[in-house]
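The values are calculated or read from the model by the stated rules, or taken from the named source; none is laboratory data. Bear in mind the structure is a predicted one, so any value in this text is a computation, not a measurement. We place every Cβ from the backbone using ideal geometry, glycine too, and count neighbours over all the protein chains shown.
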Amino acid sequence: MPELPEVETTARLIEPHVSGRRITGTRVFWERTLGGDSIRTFRRKTTGKQITGVRRRAKYVVLHLEDESALLVHLRMSGRLLIEPDASKPGPYVRVALRMDDDHALHFLDVRKFGRFTHVGDPAGALAHLGPEPLGSAFTVAWLRDALRNRTRMLKPLLLDQTFLAGLGNIYVDEALHRARLHPESPSDTVSAPKAKALHRAIRDILRAAIRRQGSSFDGFYRTPEGQPGDYQHEFRVYGRAGEPCPRCGHPIAKFVVGQRGTHVCRRCQRRTSRPRRRARPRA
Ligand SMILES: [Zn+2]
């Protein structure tokens, strides 16, 4: 499933093709992709509008329109955005096709149909529930240290929670926790200040490196808008490597389920921590 680096790559690569262009035609082949609007309503809201910019927020590609509204694209399992030179022939699995005023088209392909291509009148409001961006200025070591200390959830489900921190998914959480030598089931309030600093650095380093490599492709779904696979899967230290040696210590990588997600851990490098037990009252 595409995470921050894959969505960032997608947004960066479509931006020069669609920013400043006007949508001259809208075709929808799967209404549920619109997330609530009817096809007729969606066409009315989008046709004729100019796209003023493309950004990423969390795992959304945000296409800003000239009337302050926006299109939010969530790729989910298998969604892809593609720039097509010929707008007239959408191929199989295209759920939404936007024709641009230069006759190129932006196609939203989605084999599994879980993806969404939604028009929102107030993009800031629609995205307000999301946590800070891990590569943004609000995500500081001090913020992470305090935010972990003020919560009691297990680390991995907390880091996957988009309202806590935006953009991380299963792959990059597993990789970041291994890099910081933290166990995914450790309660967040047991993370020491030096470990919080290590986790902050791991998250940023991994995301930046993955963006440089245009994300990770390992299941055949994710491709860039230019049709290329990402390259960061070759850097995985734990994800998808169950039974293989930990690159740091050589111990075999274990795989188990945490919060319904397949999770990869080196049990030697990543020790589970628990809260100190309250001391029993001395007997009288
Ligand atoms: Zn190890």
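Among the residues of region 223-245, those identified as modelled with pLDDT of 90 or more and in contact with a helix residue (DSSP H, G or I) (Cβ under 8 Å, 6 or more places away or on another chain) are T224, P225, G230, Y232, E235, F236, R237, V238, Y239, G240.
Among residues of region 236-255 that are closer than 25 Å to R208 by Cα and among the β-branched types (V, I, T), those with a beta-carbon under 8 Å from a residue that is assigned to a loop (DSSP other than H, G, I, E, B) and more than 10 Å from the ligand (Cβ to nearest atom) at least six positions away or on a different chain give the pairs I253/R241; I253/A242; I253/G243; I253/E244. Of all the numbered requirements in (1) surrounded by 17 or more Cβ atoms within 10 Å (Cβ to Cβ); (2) more than 15 Å from the ligand (Cβ to nearest atom); (3) of a type outside the set (A, V, I, L, M); (4) in contact (Cβ under 8 Å) with a residue 60 or more places away in the chain, Q233 misses one, and that requirement is (4). Scanning for something within 16 Å of the ligand (Cβ to nearest atom), in contact (Cβ under 8 Å) with a residue 40 or more places away in the chain and under 22 Å from R57 (Cα atoms), does region 170-190 turn up at least one residue? Scanning region 170-190, I find at least one residue that is within 16 Å of the ligand (Cβ to nearest atom), in contact (Cβ under 8 Å) with a residue 40 or more places away in the chain and under 22 Å from R57 (Cα atoms), so the answer is yes.
Considering (1) in a loop (DSSP other than H, G, I, E, B); (2) of a type outside the set (G, A, S); (3) in the same structural domain as R145 (by TED's automatic domain parsing); (4) within 16 Å of the ligand (Cβ to nearest atom), the lone condition that K255 does not fulfil carries the number (1). Within region 192-200, is there a residue that is away from the ligand (no atom under 16 Å from the Cβ), surrounded by fewer than 16 Cβ atoms within 10 Å (Cβ to Cβ) and closer than 30 Å to L106 by Cβ? No, region 192-200 contains no residue that is away from the ligand (no atom under 16 Å from the Cβ), surrounded by fewer than 16 Cβ atoms within 10 Å (Cβ to Cβ) and closer than 30 Å to L106 by Cβ.
For G240, the conditions (1) more than 8 Å from the ligand (Cβ to nearest atom); (2) not assigned by TED's automatic domain parsing to the domain that holds L182 all hold with the exception of (2).
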